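What follows is a short report on a single structure.
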Amino acid sequence: MAQSLRAAVLTISDSVFQGKRRDGSGPAVSELLQQNGWSVVHSRVVADDLAVIAATFRELCAQNVEAIFTTGGTGVAPRDVTPGATRKVIAREIPGLAEQMRREGTKTSPTAALSRGVAGISGNSLIINLPGSPAGAVESLKAILPLLPHAVELIAGGNPHPE
């Protein structure tokens, strides 16, 4: 795709939202996206609240960003609700992306297998859940980044098998 792909980055963390901790993962994801030709047109921090997260997804999808990347809320703790919020708004899941992120993540961190992050399509936007740690978020995004322009093109109605 010739044009810059537009992304939104959401950090989902009670402690960052409350100002108790600095956001390291959101800026790290934004930087990696920009280094790879994406334009980060929106970034926000939201609390671990299923309804707020889902509403934010709907708002961003209405702005026709090609992808929404989340960091945080994908683990097994009671407040980790990002995957549930994602499933409330996606029409179709893309399990291979989440599987690839976990597979690559476990090579350096066995706890990556505990990630419940999902990826899917809402309208014409991808929603991709990344882990909350800066290293985990960047590593996971690197594992799938080369696939995303093609996915975006297909979601937008592009030819899956160009001549």
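The values are calculated or read from the model by the stated rules, or taken from the named source; none is laboratory data. Here the structure is a predicted model, which means the values were calculated and not measured. Note that we place each Cβ from the backbone using ideal geometry, even for glycine, and neighbour counts take in every protein chain shown. Heads up: the accessible areas ignore ligands, DNA and RNA and are worked out on the full protein's heavy atoms, side chains in. Shrake-Rupley method; radii C 1.70, N 1.55, O 1.52, S 1.80 Å.
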- [ ] Any chance you could check the Cα centroid distance between the stretch 98-163 and the stretch 6-85 for me, in angstrom?
- [x] 14
Open item on the list: How much of the DSSP bridge set in the chain is antiparallel, in percent, rounded to the nearest 5?
Closed with: 25
Task: Chain lengthening between residue 36 and residue 100 when straightened (0.36 nm per residue, less Cα-Cα) - done: 21.1 nm
Task: Zone of residue 50's modelled label, taken as backbone nitrogen in the stretch 82-100 under 11 Å from a point 7 Å along Cα→Cβ - done: 82-88
Task: Choice from 44, 79, 22 with maximal GNM fluctuation in the chain (Cα, 10 Å cutoff) - done: 22
Task: Alpha carbon convex hull of the chain, projected area averaged over orientations, nm² - done: 9.2
Open item on the list: How big is the dipole moment of the chain about its Cα centre under a simple scheme where the beta carbon of each Lys and Arg is +1, that of each Asp and Glu is -1, and everything else is neutral? Debye, nearest 20, please.
Closed with: 340
Open item on the list: Please report the carbon-and-sulfur percent of the accessible area for the chain; probe 1.4 Å, protein heavy atoms only, DNA, RNA and ligands left out.
Closed with: 54
- [ ] Pick out, from 158, 30, 134, the residue whose Cα sits farthest towards the positive end of the charge dipole of the chain, with +1 on the Cβ of Lys and Arg and -1 on the Cβ of Asp and Glu.
- [x] 134
Task: Where N is the number of residues in the stretch 1-90, Cα Rg divided by 2.2 N^0.38 Å - done: 1.07
TODO: Take every Cα pair under 8 Å in the chain that's 6+ residues apart, average their separations, divide by the length, and report that relative contact order as a whole percent.
DONE: 25
TODO: Give the peptides 90-97, 131-138, 28-35, 107-114 in descending order of average Cβ contacts within 10 Å, highest first.
DONE: 131-138, 28-35, 90-97, 107-114
